[in-house]
Amino acid sequence: MIKTLNEFNAYIDVLVLDWDGEQDLADFCHETADGSEHVIYYGSAWALVDFMRWHAPDIFDAAQDGAFNSGIIFESANQMMTIIAYEIIYQELSLAVQERAAADADY
């Protein structure tokens, strides 16, 4: 369970290491976020969403907007939490991978 923003950022940093620079950025971020333990387990999804809601409201708000704009009709609260958790990870991972790609391009 994520307990600090530093821990969350470290988690994202570890995920970025799996990007090989050749994969399509959106596909990589989707597959990685979709397979995250914080998305596939309801308890972890709830915990991540609640943590971000209190400690990083801007990230929470963006993820909530992404979830509600996805066109998915939520069938349960658990599904809604997993989709918001997915958006948290997907959006933050996308930003981190883009930063890495820009840094790699500078070399």
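Conditions (1) free of Cβ contacts under 8 Å to residues at least 40 places away in the same chain; (2) over 19 Å from Glu7 (Cβ atoms); (3) surrounded by 17 or more Cβ atoms within 10 Å (Cβ to Cβ); (4) of a type in the set (Ser, Thr, Tyr), marked per residue:
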residue	(1), (2), (3), (4)
Trp54	yes, no, no, no
Ala67	yes, yes, yes, no
Ser76	yes, yes, no, yes
Ile83	yes, yes, yes, no
Ile88	no, no, yes, no
Leu93	no, no, yes, no
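If you scan segment 50-86, which residues turn out to be of a type in the set (D, E, K, R) and under 14 Å from Phe8 (Cα atoms)?
Just the residues of segment 50-86 that are of a type in the set (D, E, K, R), to begin with: 50, 53, 58, 61, 65, 75.
Within segment 50-86, Asp50, Arg53 meet the criteria.
For a quick check of your reading of the model, give me the residue pairs whose first member lies in segment 1-26 and is free of Cβ contacts under 8 Å to residues at least 40 places away in the same chain and surrounded by 14 or more Cβ atoms within 10 Å (Cβ to Cβ), whose second is aromatic (Phe, Trp, Tyr) and in a loop (DSSP other than H, G, I, E, B), with beta-carbon atoms closer than 7 Å and at least 6 apart or on different chains.
none
Taking segment 70-106 as the region of interest, how many residues are over 23 Å from Val16 (Cα atoms), more than 16 Å from the chain's Cα centre (by Cα) and not charged (D, E, K, R)?
The number of residues fulfilling the criteria is 7.
None of the figures in this text is laboratory data; all of them are computed from the coordinates on show. Remember, predicted model here, so these are calculated numbers, not experimental data. Cβ coordinates were reconstructed from backbone atoms using ideal geometry, including for glycine residues, and neighbour counts include every protein chain displayed.
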